[in-house]
Amino acid sequence: MKLIINDKNERRLNLFIDWLIYIIGYAFVLILVSLIFKKHFYIDPSMCGLWFIAASIIIYALNKTVKPILVWLTLPLTGLTMGLFYPFTNVIILYITEFLLKSHFTMKGIFMVFIIAIFISLVNIIMQKCIIEPMVRKGR
């Protein structure tokens with residue numbers, strides 16, 4: 001495990017390790033949801049799970065690039081709803097992923113998309129608090 005120390009003397013995880021942890025977590029969530037909700041959520045299982053990995057990479061990239069912009073743009077609405085609108089940023093990211101992967105990644109119904117978005121939010125929190133932060137603390 002490698003830690004990066006920046007100019008402000010803050011420690012963080014190597015970007016590749018951070019990327020790998022999140023990709024595995026997102027792939028796990030997508031596999032789990034596709035097994036539980038077969039009628040409402042589909043990811044093409046061909047090519048040894050390549051589409052699960054591709055969807056995970058796209059979700060990770062969108063979370064790091066587009067999500068901060070979405071959060072900033074929807075901040076007034078999130079404030080008015082006392083934070084209840086925040087999971088809808090993940091819903092938007094999932095719809096962008098569905099658009100990019102076309103027939104290999106399909107979701108039916110806003111309720112299903114919202115459930116997946118909540119699972120992804122929970123995975124983000126769990127990985128940050130239970131995996132990444134302890135690894136950074138242990139590296140100190």
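Coordinate-derived values only; no laboratory data. Fair warning: this is a prediction, and the values are worked out from it, not measured in the lab. Every residue, glycine among them, receives a Cβ derived from its backbone with ideal geometry; neighbour counts consider all protein chains shown.
Explain nothing, just the number: relative contact order of the range 13-132, from Cα pairs under 8 Å at least 6 residues apart, as a whole percent.
35 percent
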Size of charge dipole - the chain - debye, nearest 20, with Cβ of Lys, Arg +1 and Asp, Glu -1, no other charges: 300 debye
Taking the chain as the reference, fit the longest principal axis to its C-alpha atoms, fit the long axis of helix 15-36 to the helix C-alpha atoms, and give the angle between the two in degrees, 0 to 90, nearest 10. 30 degrees
With a 10 Å Cβ neighbour count serving as the proxy for reagent exposure, in which order, fewest first, do Ser56, Ser121 appear? Ser121, Ser56
Tell me the angle of helix 87-101 to the major Cα principal axis of the chain, expressed in degrees between 0 and 90 and rounded to the nearest ten. 70 degrees
Based solely on its DSSP helices, what 222 nm [θ] is calculated for the chain when runs of n ≥ 4 H residues each add -39,500 (n - 2.57) and the sum is averaged over all residues, nearest 500 deg cm²/dmol? -22000 deg cm²/dmol
Take the Cβ-Cβ distance between Leu73 and Arg137 as r, set R0 to 30 Å, and report the resulting FRET efficiency rounded to the nearest 0.05. 0.35
Rg (one decimal) and Dmax (whole number) from the Cα set of the chain, in Å, equal 16.1, 50
For Ile36 and Trp19, compute 0.36 nm times the residue count separating them, minus their Cα-Cα distance, and round to one decimal in nm. 3.5 nm
